[in-house]
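Read through the structure below, which is laid out as structure tokens, and then see the notes.
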Amino acid sequence: MSDLLIELFSEEIPARMQARARDDLKKLMTDGLVEAGLTYAHAGAFSTPRRLTLAVEGLSAESRAVREERKGPNTSAPAQAVEGFLRAAGLTLDQLEKRADKKGEVYFAVIEKPGRKAPEIIAEVLEGVIRNFPWPKSMRWGNGSLRWVRPLHSILCLLSDEGGAEVVPLTVDGIVSGNTTRGHRFLSPSAFSVSGFEDYAAKLKRAHVILDSAEREDAIRAEAQTLAFAAGMELVEDKGLLAEVAGLVEWPVPLMGRIADDFLGLPAEVLQTSMKEHQKFFSVRNPKTGRIEGFVTVANTVTADHGETILKGNQKVLAARLSDAKFFWENDLRVANAGMGEWEEGLKAVTFHNKLGSQADRIARIAALAREIAPMVGADPDLAERAARLAKLDLRSAMVGEFPELQGLMGMYYATAAGEPDAVANAARDHYSPLGPSDAVPIDPVSVAVALADKIDTLTGFWAIDEKPTGSKDPFALRRAALGVLRLVLGNGVRTELIKVLINSHVCLSANVKLIYNDLDKYDSATCREDELAAVESVPRKGALALVLRTDRAFEVFFEHTRSGAYFKDQTDYESEKKAAFDLIDSFFCYAAHTAYLLTGDSVPMWSDDEHAKAEARFLPIFENSSADLLSFLHDRLKVFLKDQGIRHDVIDACLAMPGNDDLTLLVKRATALQATLQTEDGQNLVQGYKRASNILSQAEQKDGVEYSFGADPKFAETDEERALFVALDAAETVIAPAMAKEDFATAMQAMAALRAPIDAFFTATQINTDNAIVRRNRLNLLHRIRTICLSVADLTRLDG
Amino acid sequence: MSDTPQSRPDLLAGQGAITTPRSFQEIILRLQSYWAARGCAILQPYDMEVGAGTFHPATTLRSLGTKPWAAAYVQPSRRPTDGRYGTNPNRLQHYYQYQVIIKPSPPDLQELYLGSLRAIGLDPALHDIRFVEDDWESPTLGAWGLGWEVWCDGMEVSQFTYFQQVGGHDCRPVSGELTYGLERLAMYVLGIDHVMTMPFNDPQSPIALSYGDIFRQTEEEYSRHNFDAASTDMLFQHFKDAEAECDRLLGFEPDDPKTKMRIIMAHPAYDQCIKASHLFNLLDARGVISVTERQAYIGRVRALAKKCADAFRMTEAGADAVDASV
């Protein structure tokens, strides 16, 4: 057994790539060694800014010899078959053996692979790993063609055992492996040789390099905490930053400084973000004031003046950065105090998506939707609309321009500065939430209304322009938006017919992107065919209109004819087709605008109620279909979400089959109750009993061609078990009906589960299909009662098993 | 290996006295002599308005093809949107870059670079010098590379890039490019807080001149010009003209009927590309280019850069060596 040490020494590796590179090096090397027939006991990978290192312990000295026999074709087989076999085996005909077989004489290939020495295998695997390393981005340098994350300078590859250490010889693009490495770039730049992993790690430490990033992290954290503590302050922990900083240094030396008084008035988040993003500083809080008053920077070197020059330089850079931040903050406050009108105006020029209009268009849509949603979540409609109008204005602020991650939070500060009530300011901060499956869901009604409106507008918008997520591709984060909708609705117990909200949102979206029509209108009177074609071709790619145009024959005909040039032949037809197409577009927008008017009262009526009704018959189904598709996407995401919470897939399906499944809160109430019941033995058996009842009944109904739903009569009951079932069903119904009225599904399910014993007893004692037709019919009607009762909470037929 | 520090004792800390320069121009002069001593041709600035030293044909065009190349130069650079009327401590619409370009990138380029910092008075034994990931990309030049921004005590003092592609062409061999933002670097070395107060020549000179003495007024004039006065109609027209002229020049037959020589006018065409790029920057500063149009304009400049790069590759200076087997 021997130990292997590999070090790939390069120019500075980006900090963010190091963790993944360690894992890749370990996996690719050990997989390669094992595949080639070696075994090992343990492997560990390490990284610093300048090196990737792998230590493998207990590596076998050679791979075992392998003998493989392959049976080939019959010796009388056609030459082609024999040739194919030879190719696959990599042998020539004279190397094959002939052996007697049941079916005659057959060729046999005996392939012997001798065992190989470890160094030979290591060299081969390592070269492959280096040449094919999966860096997220790699480069060439100088005259070479080798790719690495930055120029690779040396390869240390050493195999050691009790007898000593030996370099594993290999050469990759002129870089010859050896047993030397180098220490810290400035503190210990000389090369030195090593004899094994322990020697390597120890010598590196003497040469001012801590090999293990976890050790560097610990050292940084401990020293930073000590520095802060000594100054009566506390370090603000930041794991991501810690990992990044540990990837930037080989010899970490934390230094603490104070933030100049001028800047202490900036919001804490601004100080933290600026220091972290620009300079990779940790923040230090004064526990007495609660403010961020200091910072810790981590130098990569020790100096004669104990870092004084370094700290002074860093402080200077910080002052320049914070001067910028202060400038942004003060300018932004000026705009905020004036009511943020400047930003509102500015957002008109910012494109949200070229098919969905500007950010200002989008805000108008969200505001209308927030108003509509407000009553459903117990929010004041005026406040909800106001909050929606203000929530995204900070996108135009200088601070968010510099630090996009502060969006929303700055909105809160600026809305407060503008004198808005807390509910409005908080909605600016919270309306992006929740951003993932585990972060907090807003609960303030105004925030909930805006957050829902924001996400629903995004979903309907991208649905309308057919930019749905596919497979792993979700460039507009629509799955996250959908999860946000679910968590907002469920977290706040919101009760609403979601489908209506989706349809209205979709129609308003279409009214809102009417500007697209104006574009088209420009070409209407144009005589230039080229322009007409351009206009027509651009339309199907644009906006909500596309949806209508794709589904309407009038436009399709026009489009096809224009594209194919068919209209050259018959100008009359073309003109009439064109008119039909433009009439369609016209009436579509009138419909959308009029609906928006009816919903929000914001604009002016477009036509009479009569005309509107006619248009609705034509266009509404299009919106309904698209919204139903979106709802089923939300249902899919709900399944994923509930599955993570332990609710079975089939349980959700059983509840989705019930009416009102766009009321997600109701849906989840059903599912929770059903899941709980299924976890009891009675519940499990009830489902079996129900399915048995349902199967017998369905078969009888199919056979007899009638529906047995006339109500069973106890007077035809013959057995005690049958009579007992009547009594039990009556009892259950008196509990279930009021429970259902209160949506108390748990009680209803309990009452159903209590039916399990009487149903089982009934089936054991009673034969349904008796010769007595009256008794048989009565029993089938009894089964129908069971079915009806059992279907009140969920469609149990859809349960597995 | 050739890049071990021992092989370059002249560059090691403590081996030569590190002294602090006294003026902006002394820093430039020291960089000039340092890189001259390392074998670079010291070129003069390109005589056109450019946004960065990279635009100099000595970098863009010469980074193409296989011919070895080593040059260093100061390049006055213009970024119209960065104008602050001379009031901002370190933001200017006209500033200087120091540019070094070496093809193929030598294995000890990092050490050579660190030597240049010592030459201008930054002692790595006293400062914290760091190479922090920064991928460089120039959408207008159709160029990208990998490298770092170099930090000195937390401040970015240089860009360090290994060119991978320029004008859509793979760089083979790869050029190493160093870009120093001279004002910012000099302010740090000299301990100056506002660029306008920085000594330009030796403060002990009979006529001592500060950066402000030379550039405050021009910063005011150009800021007003860039933001409010430049004729946008004219700029739009000139952009179109430059674009058309670039195309036209590249449309000529390589064989010149007058001299009977093969002359591809890659450089004159590239001048028009540089012009178009600067005109675009001016239009951008005037605020007349919308977000959506922006990408289209950048794409048009890139198309010119690409064509010029294509043309340069057909010339003697930009061609691949015939014997590429070595």
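A short reminder: the numbers here are calculations on the coordinates, not readings from a lab. Note that the structure is a prediction, hence the values are computed from the model and not measured. For neighbour counting, all protein chains shown are included, and Cβ atoms are generated from backbone atoms with ideal geometry for every residue, glycine included.
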Requested in this report: Can you tell me what the convex hull of the Cα atoms of the stretch A:381-497 projects to on average, as an area in nm²?
Outcome: 8.1
Report summary line: Of the candidates A:711, A:698, A:77, the farthest towards the positive dipole end of chain A (Lys/Arg Cβ +1, Asp/Glu Cβ -1, centred on the Cα centre) is A:77
Query - the stretch B:231-313 - percent relative contact order, Cα under 8 Å, separation 6 or more - result: 39
Requested in this report: Could you list B:47, A:305 in order of exposure, starting from the residue whose Cβ has the fewest other Cβ atoms within 10 Å?
Outcome: B:47, A:305
Requested in this report: Any chance you could list P(r) for the stretch A:635-715, counting all Cα-Cα pairs in 5 angstrom bins from zero, rounded to whole %?
Outcome: 3, 13, 18, 17, 14, 15, 11, 6, 2, 1, 0
Requested in this report: Per residue of A:305-312, count partner chain C-beta atoms within 10 Å of its C-beta, then hand back the mean as an integer.
Outcome: 3
Query raised in the report: Tell me, in nm to one decimal, what length is gained between residue A:719 and residue A:754 on full extension, where the rule is 0.36 nm per residue of separation less the Cα-Cα distance?
Result: 10.6 nm
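Compute the convex hull volume of the Cα atoms of the stretch A:145-196, divide it by the residue count, and report the result per residue in Å³ as a whole number.
90
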Query - Under-5 Å amide H pairs with residue B:96, H placed in peptide plane, nonlocal only - result: B:77, B:182, B:183
Requested in this report: Once you have the Cα-Cα distance between residue A:312 and residue A:239, take 0.36 nm times their residue separation minus that, and quote the gain in nm to one decimal.
Outcome: 23.7 nm
**Report entry** Using θ = phi - 60° and Karplus 6.51 cos²θ - 1.76 cosθ + 1.60, couplings along the stretch A:253-262 (whole Hz; Gly, Pro as x)
**Finding:** 10, x, 9, 10, x, 10, 7, 4, 3, 3
Report task. Would you please calculate the Kirkwood hydrodynamic radius of the stretch A:94-253 over all C-alpha pairs and express it in Å, rounded to one decimal? Result -> 20.4
Requested in this report: Rank-order A:743-749, A:411-417, A:390-396 by packing density, defined as the average count of other C-beta atoms within 10 Å over each peptide's residues, highest first.
Outcome: A:390-396, A:411-417, A:743-749
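I'd like the mean, over residues of B:148-156, of how many other protein chain beta carbons sit within 10 Å of each residue's own Cβ.
6
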**Report entry** Where labels lie 7 Å past Cα in the beta-carbon direction, separation of residue A:495 and residue A:291 in nm
**Finding:** 5.0
Report task. For the stretch B:86-198, count all C-alpha to C-alpha pairs, find those more than 23 Å apart, and express that count as a whole percent of the total. Result -> 34
Report summary line: Filtered hits (aspartates and glutamates, Cα-Cα < 13 Å from residue A:113, offset >= 8 within chain) -> A:62, A:68, A:69
Query raised in the report: Amide H to amide H under 5 Å from residue B:70: which residues, 5+ apart in sequence or cross-chain, H placed 1.01 Å off N in plane?
Result: B:41, B:103
Query - Helix-only CD estimate at 222 nm, as mean residue ellipticity for chain A, using -39500 (n - 2.57) per DSSP H run (n ≥ 4) - result: -18000 deg cm²/dmol
**Report entry** Subset of A:276/A:316; A:639/A:669; A:500/A:639 violating a 18 Å alpha-carbon distance limit
**Finding:** A:500/A:639
Query raised in the report: Considering every residue in A:319-327, what mean count of other chain Cβ atoms within 10 Å of its Cβ is obtained?
Result: 2
Report summary line: The residues A:106, A:298, sorted from fewest to most surrounding Cβ atoms within 10 Å, come out as A:106, A:298
Query raised in the report: Where nothing but the Cβ of Lys and Arg (+1) and of Asp and Glu (-1) is charged, how large is the charge dipole of the stretch A:38-79 around its Cα centre, in debye to the nearest 20?
Result: 140
Report task. Over chain B, calculate the relative contact order: mean separation of alpha carbon pairs under 8 Å at least 6 apart, over the residue count, as a percent. Result -> 21
Query raised in the report: Taking amide hydrogens as modeled 1.01 Å from N in the peptide plane, which residues meet the under 5 Å criterion relative to residue A:43, leaving out close sequence neighbours?
Result: A:57
Query raised in the report: Just going by the charge dipole of chain A, with Lys and Arg at +1 and Asp and Glu at -1 on Cβ, which of A:36, A:425, A:462 is farthest out on the positive end?
Result: A:36
Query raised in the report: What is the P(r) of the stretch A:213-337, as percent of Cα-Cα pairs per 10 Å bin from 0?
Result: 13, 44, 32, 9, 2, 0
Query raised in the report: Based on the alpha carbon coordinates of the stretch A:180-222, what radius of gyration and maximum Cα-Cα distance (Dmax) apply, in Å?
Result: 10.9, 32
Report task. Given the peptides A:726-736, B:35-45, arrange them by the average over their residues of other C-beta atoms within 10 Å, most packed first. Result -> A:726-736, B:35-45
Query - 10 Å-binned pair-distance histogram of chain B (Cα, whole percent) - result: 6, 23, 32, 25, 12, 3, 0
Query raised in the report: Residue by residue through the stretch A:78-90, which ³J(HN,Hα) values in whole Hz follow from phi under the Karplus form 6.51 cos²θ - 1.76 cosθ + 1.60 (θ = phi - 60°), with glycine and proline marked x?
Result: x, 3, 4, 5, 5, 4, x, 5, 5, 4, 5, 8, x
Report task. Sort the stretch A:67-113 into rounded, prolate or oblate with this rule: let a ≥ b ≥ c be the square roots of the eigenvalues of the Cα gyration tensor; rounded if a/c is under 1.5, and if a/c is not under 1.5, prolate when a/b is larger than b/c, oblate otherwise. Result -> oblate
Query - Kirkwood-based Rg to Rh ratio, the stretch A:646-774, C-alpha trace - result: 1.00
Query raised in the report: Which of the aspartates and glutamates could be linked to residue A:703 by a straight reach, that is with a Cα gap under 19 Å, when you skip same-chain ones fewer than 8 residues away?
Result: A:771
Query raised in the report: Under unit Cβ charges (Lys, Arg +1; Asp, Glu -1), what dipole magnitude, rounded to 20 debye, does the stretch B:48-183 have relative to its Cα centre?
Result: 540
Query raised in the report: Any idea what the dipole of the protein assembly as shown comes to, in debye rounded to 20, about its Cα centre with Lys/Arg Cβ at +1 and Asp/Glu Cβ at -1?
Result: 1420
Query raised in the report: Arranged by the count of other C-beta atoms within 10 angstrom, fewest first, what order do A:112, A:244 take?
Result: A:112, A:244
Query - Calculated P(r) of the protein assembly as shown - Cα pairs past 44 Å, % - result: 58
Query raised in the report: Which of A:413, A:666, A:799 sits farthest toward the positive end of the charge dipole of chain A, with +1 on the Cβ of Lys and Arg and -1 on the Cβ of Asp and Glu?
Result: A:799
Requested in this report: May I ask for the Rg/Rh ratio of the stretch A:1-144, computed from Cα atoms with Rh as the Kirkwood radius, given to two decimals?
Outcome: 1.19
